[in-house]
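The values are calculated or read from the model by the stated rules, or taken from the named source; none is laboratory data. Keep in mind the model is a prediction, meaning the values are calculated, not measured. So basically every Cβ, Gly included, is an ideal-geometry build from the backbone, and we count neighbours across all protein chains shown. With ligands, DNA and RNA removed, areas are computed over all heavy atoms of the protein, side chains included. Shrake-Rupley method; radii C 1.70, N 1.55, O 1.52, S 1.80 Å.
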Amino acid sequence: MSVLLLAIETTCDETGAAVLEGPSPPEIGVPIIRSSVISSQIDLHQRFGGVVPEIAARAHVRQILPVIDEALKRAGVGLGEIGAIAVATRPGLVGALIVGLTAAKSLALALDVPLIAVDHLEAHLYACQLAFPDREVYPCVGLVVSGGHTSLFACRGPLAVEPLGGTIDDAAGEAFDKVSSMLGLGYPGGPAIERVAESGNPKAFAFPRSFLHDDRLAFSFSGLKTAVLYALKGQDARGDSGPPPPGVVADLAASFQQAVVDILVSKARQALRQTGMRRLGIGGGVAANGRLRDGLAAMAAKDGVELFIPPLSLCTDNAAMAGIALIKLAAGQVADLDIDVTPGLVRPGRKNG
Ligand code: KG4
Ligand code: ZN
């Protein structure tokens, strides 16, 4: 027996829909991704140097139905065959979340099938299990690094995910985007910085690494961002001598990137040591960074830790990762049709249902 799930993702600037085929009961295997469709809004946000929430919400309204249609078409599935609807309801941009939830509720009501609310961060980490169906990913430390999140979790199971710590200011991806904008490299910043950094010296600038020698599993990237600004423009940040020579931009990019990588690798290692866990799962767009992947792999090999980094299509925002809903469905965690979105992070101690 299997169940077909239609999953919807609209937490930020990607409109996503996916069809998954899940075994019933779910313990007998990991769902198969029959289709996963993403409509990216990068072009719409590019000239603003970051995601504009209002524009994101409007673009989701335009894209959600065509994206769902395409996901069904690619899976070769009719709406009538769908047995459950999943949607990410937290955390994210409020207007963006509402579009996905409204579509999901309408479909669940019309098809008379269960609606399942999914936590976007739990879903990012479950993507590791989808990507490595033959290996046991849990229990693991989870690290989600994206434009909106930099958080560590103790994941005792797909739905037993406890926050260990996170950023007190910018997310790592956000820092990449802002530094890229300072250096005139465009948006999204991560890929642009990585490209330019290839020819730079990661040791050229000694940028700060916040909380590096602190037991707390906290991150801060705003001091690093300011340090790049000062290095670029002088201590009063007012220097206006035009763009620096390309060699300096490359050195700044490489040194900044190295600082972020050092912070992420060291905090992941600390989380592993503090929890005693031997597996590490990664999610979020920053996991595309080659230097970060290499740094994590080196640390994992040295410490005898099993590392799970999904392919990029499952690291960045996507709807397939909402396949975690099949586990909730089996556990009877079905949402009422009057549920609402929760834009903010669910804090430790708060009910995470
Ligand atoms: O997960 P994602 O697609 O969207 C959300 O933010 O939810 O992540 C996008 C973020 C952006 O901030 C982007 O600059 C960053 O991931 N990113 C990278 C790389 N590719 C994307 N950061 C560092 N290196 C990369 N190669
Ligand atoms: Zn995300």
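Tabulated results
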| read-out | value |
| --- | --- |
| Apportionment of accessible area to carbon and sulfur, region 135-314, percent (1.4 Å) | 52 percent |
| For region 272-287, 3J(HN,Hα) per residue [Karplus equation, 6.51 cos²θ - 1.76 cosθ + 1.60, θ = phi - 60°, Hz, x = Gly/Pro] | 5, 5, 5, 8, x, 7, 10, 10, 9, x, 10, x, x, x, 5, 5 |
| Where Rh is the Kirkwood radius over Cα pairs, Rg/Rh for region 43-88 | 1.13 |
| For region 152-269, the Rg and Dmax computed from alpha carbons only, in angstrom | 15.5, 54 |
| Centre separation in Å (Cα based) which lies between region 126-203 and region 1-55 | 18 Å |
| Extended-chain gain in nm, criterion 0.36 nm per residue less alpha-carbon gap, Met1 and Leu44 | 11.2 nm |
| Å² of accessible area per residue within the chain, as computed with a 1.4 Å probe and no ligands counted | 43 Å² |
| Within straight-line cross-link reach of Lys203, lysines at Cα separation under 28 Å, skipping those fewer than 8 residues along the same chain | Lys178, Lys225, Lys233, Lys267, Lys302 |
| Kirkwood Rh in Å, taken over region 98-204 so that all alpha-carbon pairs contribute | 16.8 Å |
| Mean separation of Cα contacts under 8 Å (6+ apart) over length of the chain, as relative contact order % | 23 percent |
| Sum of -39500 (n - 2.57) over DSSP H runs of 4+, divided by residues of the chain (222 nm, nearest 500) | -13000 deg cm²/dmol |
| Fraction of beta bridges assigned by DSSP in the chain that are antiparallel (%, nearest 5) | 65 percent |
| In order through region 247-253: 3J(HN,Hα) via Karplus (6.51 cos²θ - 1.76 cosθ + 1.60), integer Hz, x for Gly, Pro | x, 6, 4, 5, 5, 4, 4 |
| For Gly165, residues with placed amide H under 5 Å, excluding near neighbours | Leu152 |
| Packing-based order for 162-175, 216-229, 298-311, 82-95, using average beta carbon neighbours within 10 Å, highest first | 82-95, 162-175, 216-229, 298-311 |
| Using a Förster distance of 51 Å, the FRET efficiency for Arg216-Asp69 (Cβ separation, nearest 0.05) | 0.65 |
| Over the chain: Rg over Rh, Cα atoms, Kirkwood Rh | 0.99 |
